[in-house]
Amino acid sequence: MARFEPKSTAPVRERAILVGVDFGKNDDWTLEESMAELGRLAETDGADVVFTLTQRLGAPVPRTFIGKGKVEELVSYVRNLDADVVIFDDELTPSQQSNLEKIVGEPVKIIDRTALILDIFGVHATTREGRLQVQLAQLQYVLPRLRGMWSHLVGEQTRGGIGSRFGQGESQLEVDRRLVRKRISTLRDELARLETRREVQSKARWDSGVYRVALAGYTNAGKSTLLNALTGSEVYVRDELFATLDPTTRSIELEEGRKVTLTDTVGFIQKLPTTLVEAFKSTLAEVRAADLILLVADASDSGVERQVRAVRSVLDEIGASQIPSVLVLNKCDLLTPEAFSDLQASHPDAVTISAREGTGLSGLLYRVAREASRGDATVTVLVPFSKGILMKMVHERCQVIREVYTEKGLLATVSASERMRSTLAPYVVPDENFEPWGSAASTPRQ
């Protein structure tokens, strides 16, 4: 008989109660849909939802967000269901959170949707920049909520006598706040340096004439799966919210020979915390710098229309609403034939695909090629052999219609973007300065 009984070291999933309030604003998202999404967020963060409590109010109760009777009901459910955490669907003020914690009692945690999303981001951030951005957002959220950590000193202050005139508790709280503010300032400076580096890299891609495509969309719409399917890469993919936080860029060559870059970005969500949008502005800069946005949506979700509107709202918030976009409806393999026909009828300009099954990808690439060539013009250039890099750019950045190697260099007729035409301007050959194509052994581009 073993002396010690082995115990599992696996993390124990917490038991969560969800709380939502319907304010009757007639939003796109019903309370049931919003609570269902909150439940998925809780499950992604490692919790099991044991109960959902809802209430209809005209406005939040200033002291406890929900009504007095609902608070008593919540306390009863917490005790009877042995809950570990209570998650509110809307953001709580610091005082509301503090009051609820006192009423419910320790060790039950009271958090809101913002804190839940921040916790998920903290788990999923892998790169240094991603971790810094998450830490900045977390500190901005925590700063106004610092309280009670030094309350054991308040008793000494109220007794009077020696040392009571200095207010130790308040002084220590101010020290804590000052340290947090200093750390926030340090993080902002470091992220600014990283953003400068990213801008330099982005400018290099701009100067090279690479056509940039950004994948944006609602979280868990299949953006990473699509990136893997188009580029053959192995970006982390999992059926959970916010599986990908850090931007990933891969290149792909279109059938016409033009090379483009595809960038997978962080997924969006309704009620996306403002602190997250601010903290992730350097990551979202990849979206703002794109030439084309592929707005990926989950066609199998009943709320796909609301998801698209939520994504467009965030794009407008970050200043990317003017960038050309193509709606990509993913997961169409999960639809019935009737639902698929209705979807195509309601979105005639969208591209319908299944990234997992690989269907519709050729049509998507054709649409990307058509958008990439929009605004192109045909020019004939003679690139000297000494300009090897420029020759490579001609083949990668342009659609080569016809080419031939002459004694002086590469003679090619290409369809090029405005940026590439500017780069090739010194090598453009007027029609009267070269022999007709028929007199040379020209090679049409396949």
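The values are calculated or read from the model by the stated rules, or taken from the named source; none is laboratory data. Predicted, not measured: the structure shown is a model, and the values here were computed from it. Cβ atoms come from the backbone with ideal geometry, glycine included; neighbour counts cover every protein chain shown. Quick note on the areas: whole protein, heavy atoms, side chains included, nothing else; ligands and nucleic acids left out. Shrake-Rupley method; radii C 1.70, N 1.55, O 1.52, S 1.80 Å.
Worth pointing out:
- Per residue, the accessible area of the range 48-149 comes to 48 Å², computed with a 1.4 Å probe over protein heavy atoms only.
- Unsatisfied cross-links (Cα-Cα over 22 Å) in the set 102/182; 102/271; 109/223; 68/271; 70/109: 102/182; 102/271; 109/223; 68/271
- Rounded to the nearest 10 Å², the accessible area of residue 393 at probe 1.4 Å: 30 Å²
- Entry comment: accessible area of the range 293-391 is 49 Å² per residue, from protein heavy atoms only and a probe of 1.4 Å.
- Coil-residue trypsin sites (Lys or Arg not before Pro) of the range 10-77, DSSP, other Cβ within 10 Å capped at 16: 13, 25, 63
- Rolling a 1.4 Å probe over the protein heavy atoms leaves residue 251 with an accessible area of roughly 70 Å².
- Förster-model FRET efficiency, 30 Å R0, residue 408 and residue 377, C-beta, rounded to 0.05: 0.80
- Heavy-atom surface analysis with a 1.4 Å probe gives the range 20-102 a carbon and sulfur content of 45 percent of its accessible area.
- Theoretical FRET efficiency, 1/(1+(r/R0)^6), r = Cβ-Cβ of residue 428 and residue 123, R0 45 Å, to 0.05: 0.25
- Relative intensity, log₁₀ I(q)/I(0), of the range 9-134 from a Debye sum that treats every alpha carbon as a point, q = 0.14 Å⁻¹: -0.63
- Residue separation of residue 103 and residue 362 scaled by 0.36 nm, minus their Cα-Cα distance, works out to 87.4 nm of gained length.
- Loop trypsin sites (Lys or Arg not before Pro), the range 328-371, which have at most 16 other Cβ atoms in a 10 Å radius of their Cβ (DSSP): 356
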